[in-house]
1. Among the numbered criteria (1) under 20 Å from residue 48 (Cα atoms); (2) not in a helix (DSSP H, G or I), which single criterion is violated by residue 220?
2. Tell me yes or no: at least one residue of the stretch 386-401 is in contact with a Pro (Cβ under 6 Å, 6 or more places away or on another chain) and assigned to a helix (DSSP H, G or I).
3. Name the residues in the stretch 213-271 that are touching a Gly at 6+ places or on another chain (Cβ under 7 Å), open to solvent by 10 Å² or more (accessible area, probe 1.4 Å), more than 30 Å from residue 283 (Cβ to Cβ) and not β-branched (Val, Ile, Thr), would you?
4. Filter the stretch 385-438 down to residues that are over 23 Å from the mean Cα position of the chain (by Cα), open to solvent by less than 70 Å² (accessible area, probe 1.4 Å), under 25 Å from residue 454 (Cβ atoms) and hydroxyl-bearing (Ser, Thr, Tyr), then give me how many there are.
5. Is there a residue in the stretch 440-457 that is at pLDDT below 85 and either open to solvent by 50 Å² or more (accessible area, probe 1.4 Å) or over 30 Å from residue 207 (Cα atoms) (or both)?
6. Out of curiosity, is residue 260 touching a Ser or Thr at 6+ places or on another chain (Cβ under 7 Å), over 25 Å from residue 293 (Cα atoms) and part of a helix (DSSP H, G or I)?
7. Looking at 136, 110, which one is within 19 Å of residue 381 (Cβ to Cβ), within 22 Å of the chain's Cα centre (by Cα), surrounded by 24 or more Cβ atoms within 10 Å (Cβ to Cβ) and of a type in the set (Ser, Thr, Tyr)?
8. Taking residue 123 as meeting all but one of (1) open to solvent by 10 Å² or more (accessible area, probe 1.4 Å); (2) within 13 Å of the chain's Cα centre (by Cα), write down the number of the exception.
Amino acid sequence: MTTAPADSAGTLAPAYGDKVIAVESAGSEPIPESERHGGPLQLLWTWASPNIEFATVFIGVIAVLFFGLSFWQATAAIVLGTALGALTQGVLSLDGPRFGVPQMVIGRLSFGHRGNILPAAANGLVAGVGWFAVNSVSAAFALNTLTGLRPLPSLLLVVAAEILIGFIGHNFVHVFEKYAFPALTVIFLLAGVWTFKDAHLGGGGTGGGIGGFLLAFSAAWGYAAGWNPYASDYSRYLPRTANKARTVLYPALGLFLSVTVVAVIGAASATIVAPKDATPTAAFTGHLPGWLGDLVLLAIILGAVSANALNVYSGAISIASFGLNLPAWLSRSVLVVVSGVAGTAAAWASLSDAGAAYEAFLLVIAYWVAPWLGVVLVERWLRARVPQEESAARLTDRSFTNWPGLAALLIGVAVSVPLFSNQEDYVGYVPEHWPSFGDITPVVGFAVSAVLYAALRGRFRPAAVVRVVPDAD
């Protein structure tokens, strides 16, 4: 008898290959070797372009204006938080070429087939609705400022472009990010030069202290690590022979450089007095010369579309990874449209108070991603010596369970959020009594879930799953 190869579990229209203008037919099933193409370098711009946008600028803005940090304190928090999130992005990208499936499908190894539905649903909601709404709002404000078009029509124009890119699929997403990258880079670097020229970098902040630093760190880490549940979605078409070092390096580098540079520009812009009653995007461009301000507004729109192409695509992929017997007509591309419509409704609802909504959203992302990541990384470490055939078989085995993973995830959230959350609407026990703690919910959640899972997983070892197929004659 033999073990079934990883490719045998999934099928893909053989004509897709590396075609760009073709609707991708694959969902969450393994990508056959015959359809693998591309190289690790494409992951550089795929993870850089989506972060050269206004949502990233606002990380720096809230660190200074909301969390009370000086420019240099904000920069330190941004660099540290982003570096940690980018590192794990690179590590998780390795599993794309290895298994040929999306990140949420790989999560079945950590949570079991049914247990994985919970984190996959959370990611579908955060990506396809939450992030989609956040970025669409910033693009709508930019279009409104640039053209005078009302916010709602501006929003509808933006989301139509975002949904179209995600609908076409994987190859078109990569190509769109490739050509958006140089334009976004040049425009934001020019804006950065003008911003630093007018900024007041020597200010001491407004007393954010260690609590403000931890809040800014959590926001930066939550933003960068918020991409982690998508990591292998965009590396799963790479050949199994793809260089491992480059598969780690390029996504990590693209994510780190883009987030750090753009967020630091945002922190510098927050030291400049903004025009009265300006929208968030108008406040960022208010000190720029007219021609550059218009270019930045165009870049904000392009950057938001770049980010949401990934968000709506991965949101749909997360839903597809539930492993449910969905109707044939409810394909990945249709799920993109469904997800985009829900995200549009959320964006419309948040147009009136985008700044406060974004601050809360950044921290909430980290609340669930941190425990999820703790479990996933421990499972990855424990499975390092397990034969790939065994792991691949478990990904498609509906009877496979791993209750310690789901238990560790839920307990990590249940312990960290009530005790350490520091939100406008809810302050946990620790920051309520000791405000200097800021918000260390993600750190606690990660540690609790990782340690608990390592302990439980050592006691509970699921039986190996081996699929048996007849030997060839």
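1. Residue 220 satisfies every listed condition except (2).
2. Step one: filter the stretch 386-401 for residues in contact with a Pro (Cβ under 6 Å, 6 or more places away or on another chain), giving none.
Looking for residues that are in contact with a Pro (Cβ under 6 Å, 6 or more places away or on another chain) and assigned to a helix (DSSP H, G or I), one finds none in the stretch 386-401, hence no.
3. 242, 249, 252
4. 1
5. Taking the stretch 440-457 first, the residues at pLDDT below 85 are 440.
Imposing the further condition that a residue be either open to solvent by 50 Å² or more (accessible area, probe 1.4 Å) or over 30 Å from residue 207 (Cα atoms) (or both) reduces the set to none.
No, that holds for no residue.
6. Numbers: touching a Ser or Thr at 6+ places or on another chain (Cβ under 7 Å): yes; over 25 Å from residue 293 (Cα atoms): no; part of a helix (DSSP H, G or I): yes.
For residue 260, the condition - touching a Ser or Thr at 6+ places or on another chain (Cβ under 7 Å), over 25 Å from residue 293 (Cα atoms) and part of a helix (DSSP H, G or I) - is not met.
7. On the way: 136 fails: within 19 Å of residue 381 (Cβ to Cβ).
Of 136, 110, the one residue that is within 19 Å of residue 381 (Cβ to Cβ), within 22 Å of the chain's Cα centre (by Cα), surrounded by 24 or more Cβ atoms within 10 Å (Cβ to Cβ) and of a type in the set (Ser, Thr, Tyr) is 110.
8. Against the list (1) open to solvent by 10 Å² or more (accessible area, probe 1.4 Å); (2) within 13 Å of the chain's Cα centre (by Cα), residue 123 comes up short only on (1).
The values are calculated or read from the model by the stated rules, or taken from the named source; none is laboratory data. Owing to the predicted nature of the structure, the values given are computational and were not obtained by experimental measurement. Cβ coordinates were reconstructed from backbone atoms using ideal geometry, including for glycine residues, and neighbour counts include every protein chain displayed. Side chains are part of the model used for accessible areas, which takes the heavy atoms of the whole protein and leaves out ligands, DNA and RNA. Shrake-Rupley method; radii C 1.70, N 1.55, O 1.52, S 1.80 Å.
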